[in-house]
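Before I ask anything, here is the structure I am working with.
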Amino acid sequence: MRAHFIAAAVVAAVIFSASTAASADPVTPVHQYAALALSPQGDRIASVESGEGGHDRIVVRQAGSGKVITTIDPCARCSYAGLSFAPDGALALLARDREAGTVMLEIAGANAAPRLVATVRGIAQAPSFSPDGRRIALLVTIGAAKETGATQAGVRQIGEIGAKSDSQRLAVFDLAAPPVAADGVRPVSPDGRYIYEYDWTPDGNGFVVTSALGNGDANWWSATLDAVDAASGAVRTIARPATQLNFPRVSPDGRTVAYIGGLMSDFGSVGGDVWTVPVAGGTPVNITQGAKATATALDWTMQGLRAAVLRGDHAQIVSVSPETGFSAPLFGRRASFAAGDGRVAFSADGGQLATVVQDYTHAPAIYAGALAEPRQITHDNDRIKPIVTARSIGWHNDGFDVQGWLLAPIGADLASKAPMITIVHGGPAAASVPAFLDRGVMADLVEAGYYLFLPNPRGSYGQGEAFVQANKRDFGGGDLRDILAGIDAVEKLAPVDDSRLGLMGGSYGGFMAMWANTQTTRFKAIVSGAGLSNWISYYGTNGINQWMLPYFGKTLYEDYDAYRAPSAIYFMKRAKTPTFLYVGERDIEVPPTQSIEYWHALQELGVPTSLVIYAEEGHGIRAPANAADLRRRTVAWFDRYLGGK
């Protein structure tokens, strides 16, 4: 995913997959690294890191040793993001002042304090230097009415609906010119065209972008691959892919653009094959077709294409070519990778990399070095102990190889059976991948004595594009069978009490939790966050309904039966399991009405239920007080019906 100033999709994924939890060591909080960037020469790393008093700062380190070179913190009340190195090693940064409603684009030289380049009134993200280093481009949303991304709280639905939408546009700044004031920012790309991602062409005359007309939240699923002239803003369509697309990357010779294309259910949840097409225009070609892996990030270095992929339970770095597709892994492990612009940052020649690595039992650390042998260069979190043991579980179902993660409390009594909660990720095009249990509901549940099972059923990333597409027009069918078969596999390996099984999930995982209640009595307690209970009413009331067309194949109005078939609301007489529901008041991805419909049905049928709608929240519960309340209610619900320890 591109380096969003507000990482909306990441926040939602954390909340809805419940992949974080209560502090494992309250004395030594986990040191965080974000927005990581690697210099073109591969010798320096910059990241936004935890600071005292909750105020983060930018830290620049030697890539070889991890030694801190300098700390940058020009604005005491600002948050930082958008780190990007220039060809000469200067560092661009974005400083957001929420009180003022502005974002400042600044550049710090090797031995100089940051200087202001431009001030944007609204939101800005993804700065990138031109190939000659004389200009810098930036995505700007001037006068933004909401935070970037459909997972963020939507604008209030009052007045004339749909009359105006935020427009994210490309702006270009000459670094030799005086600072540009907020009222002087003039985007080059046309108004009304939402630019999601971009890459400079090597000659510096333009960009290759992914874009769509109109509402950026709703229309990404029909985005096109376009060329934008850096001077005039003229737009030329390169291709109209049949898939969703992310990470447009232009070849060093300027002739070809590569991108990740596949079935994706959310912008920012990236996964697919690698495709190429001439910059001049043409028909895209899938150069990794049939691969049993999912590309999650892409870069085009001087040594060729590099990709981060998810292959089963391993995150890997590979080379990509039309002749061989994905190469054997150059570097990989059972972990997750993160960098500011994708999963991994590469040097210009592609020989060096840097990334933040973490898993369920190891807190984040920066790894850097040669492509095949990066090593850990930061040790801020070495003393923090895990609260779980983690095991990758594989099973076979309906002809598919399926994988998931089993987490057990440290010191669990193996002689007695324990309750287990299955957590279904959102998407459905996504995956549960290793992340250190820091704080949040997962750690609360572990500390309450629960085993946790995180399956990656069909529709998930990690097994190739055919596996991702295997739940098209089959929501809650094969993927639910995969999950139930996974629970069977877990029970053969771990002391799990089959009579004390819980189920939870958010977004698509929330749908699965609602749906499972009408399909099986195996679960004794359910928690559903922002779930979908009625695909028919959902179609006409959400803010992103274009996402369903790649999955259902037709609109609701052309195929009612397809949308009715997976709607739990039509099978409510089968629902017997106590269910706690929660949702954000201003959620446009899955409006609160979906939870209200389901809650009303359970109430009328006499099934124990509770619904909490959190004020001002979007597709994810972010406010600290609300998040704490949600954690408390979730643990209490499972304790009440599963018995806790």
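Taking every alpha carbon pair in segment 191-234, what does the distance histogram look like in 5 angstrom bins from 0, in percent?
Going out from 0 Å in 5 Å bins, segment 191-234 shows 6, 25, 30, 21, 12, 5, 1 percent.
Which listed residue (150, 233, 246) has the Cα farthest towards the positive end of the charge dipole for the chain, taking +1 on Lys and Arg C-beta and -1 on Asp and Glu C-beta about the Cα centre?
Projecting each Cα onto the dipole axis, the largest value belongs to 150.
Something else about it: Give the average over all directions of the projected area of the C-alpha convex hull of segment 582-645, one decimal, in nm².
Average of the hull's projected areas for segment 582-645 equals 4.8 nm².
May I pose another question? Based on the Cβ-Cβ distance of residue 385 and residue 321, what FRET efficiency does E = 1/(1 + (r/R0)^6) give at R0 = 51 Å, to the nearest 0.05?
Working from the Cβ atoms, E equals 0.75.
Take the solvent-accessible surface of the protein heavy atoms, probe 1.4 Å, and return the percent of it on the chain that carbon and sulfur atoms account for.
Within the chain, the accessible surface is 51 percent carbon and sulfur.
What dipole magnitude, in Debye to the nearest 20, does the chain give about its Cα centre under +1 on Lys/Arg Cβ and -1 on Asp/Glu Cβ?
Using Cβ point charges on Lys, Arg, Asp and Glu, the chain gives about 660 debye.
If you take the Cα atoms of segment 315-408, find Rg, then find the Kirkwood Rh from the mean of 1/r over all pairs, what is Rg/Rh?
1.03
Oh, and also: How long is the gain from residue 596 to residue 417 if the chain were fully straight, where each residue apart is worth 0.36 nm and the alpha carbon distance is subtracted?
Once the chain is fully extended between residue 596 and residue 417, it gains 60.9 nm.
Bin width 10 Å, origin at 0, all Cα-Cα pairs of segment 298-337: what percent of pairs per bin?
The percentages, shortest bin first, are 33, 54, 13.
Binning at 5 Å from 0, report for segment 156-212 what percent of all alpha-carbon pair distances ends up in each bin.
4, 15, 20, 19, 18, 13, 6, 4, 3, 0
At a Cα cut-off below 29 Å, give the lysines reachable from residue 576, other chains included and same-chain residues fewer than 8 away excluded.
Straight-line reach from residue 576, under 29 Å: 417, 472, 492, 524, 645.
Just to confirm my numbers, what's the Cα centroid distance between segment 440-505 and segment 587-622 in Å?
Rounded to whole Å, the Cα centres lie 23 Å apart.
Only helical DSSP H runs with n ≥ 4 go in: add -39500 (n - 2.57) per run for the chain, normalise by residue count and round the 222 nm mean residue ellipticity to 500 deg cm²/dmol.
-4000 deg cm²/dmol
Let me ask something else. Between residue 302 and residue 116, what length in nm is gained on full extension when 0.36 nm per residue of separation is reduced by their alpha carbon distance?
This chain segment gains 63.9 nm when fully extended.
Just grab the label-to-label distance for residue 615 and residue 70, each label 7 Å out from Cα along the Cβ direction, in nm (one decimal).
Reported label-point gap for residue 615 and residue 70 is 4.5 nm.
Okay, next question. What does a probe at residue 157 reach in segment 572-594, counting residues whose amide N is under 20 Å from the point 7 Å along Cα→Cβ?
Flagged as within label range: 582-594.
What would the Debye equation give as log₁₀ I(q)/I(0) for segment 177-263 at q = 0.15, 0.17 Å⁻¹, counting only Cα atoms as equal point scatterers?
Each listed q maps to, in turn, -0.58, -0.72.
Still on this model: Tell me the label-point distance for the pair residue 55, residue 97, using the 7 Å Cα-to-Cβ offset, in nm and rounded to one decimal.
A separation of 1.4 nm, rounded to one decimal place.
Oh, and also: Taking only Cα atoms, what is the 0 to 90° angle, nearest 10, from helix 8-17's long axis to the longest principal axis of the chain?
On a 0 to 90 degree scale, this one is about 20.
Under the definition of Cα pairs under 8 Å and six or more residues apart, what whole-number percent is the relative contact order of segment 158-224?
It comes to 30 percent, rounded to a whole number.
Pull out the extension gain between residue 604 and residue 333, defined as 0.36 nm times the separation in residues minus the alpha carbon to alpha carbon distance; nm, one decimal.
92.6 nm
If R₀ is 41 angstrom, what is the calculated FRET efficiency for the pair residue 473 and residue 28, using the beta carbon separation as r and rounding to 0.05?
So the FRET efficiency works out to roughly 0.25.
A follow-up question, please. Only bridges with both residues in segment 223-288 count here: give the DSSP antiparallel percent, nearest 5.
Antiparallel bridges make up about 100 percent of those DSSP assigns within segment 223-288.
Please determine, in degrees from 0 to 90 and to the nearest 10, the orientation of helix 624-642 with respect to the longest principal axis defined by the Cα atoms of the chain, where the helix direction is its Cα long axis.
The angle comes out at about 30 degrees.
Let me ask you something else. So what is the relative contact order for segment 44-97, in percent, with contacts set as C-alpha pairs under 8 Å and at least six apart?
Dividing the mean separation by the residue count of segment 44-97 yields 26 percent.
Kindly report the accessible area of the chain per residue (heavy atoms of protein chains, probe 1.4 Å, no ligands, DNA or RNA), in Å².
Computed with neighbouring chains in place, this is 37 Å² per residue.
For labels at residue 498 and residue 396 in the simple 7 Å Cα→Cβ model, what's the distance in nm?
2.1
Right, next: I need to check one value: relative contact order of the chain, counting alpha carbon pairs closer than 8 Å and at least 6 residues apart, in percent.
Relative contact order, the chain: 12 percent.
So if I take the centroid of the Cα atoms in segment 508-526 and the same for segment 192-255, what is the distance between those two points in Å?
Rounded to whole Å, the Cα centres lie 40 Å apart.
What is the Rg over Rh value, at two decimals, for segment 219-293, using alpha-carbon atoms and the Kirkwood definition of Rh?
Across segment 219-293, the Cα-based Rg/Rh ratio is 0.97.
So for the chain: antiparallel DSSP bridges make up what percent, rounded to the nearest 5?
The antiparallel proportion sits near 85 percent.
The values are calculated or read from the model by the stated rules, or taken from the named source; none is laboratory data. Here the structure is a predicted model, which is why all the values come from computation and not from measurement. As a convention, Cβ positions derive from the backbone with ideal geometry for all residues, glycine included, and neighbour counts pool all protein chains shown. Heavy atoms of the whole protein, side chains included, go into the accessibility calculation; ligands, DNA and RNA do not. Shrake-Rupley method; radii C 1.70, N 1.55, O 1.52, S 1.80 Å.
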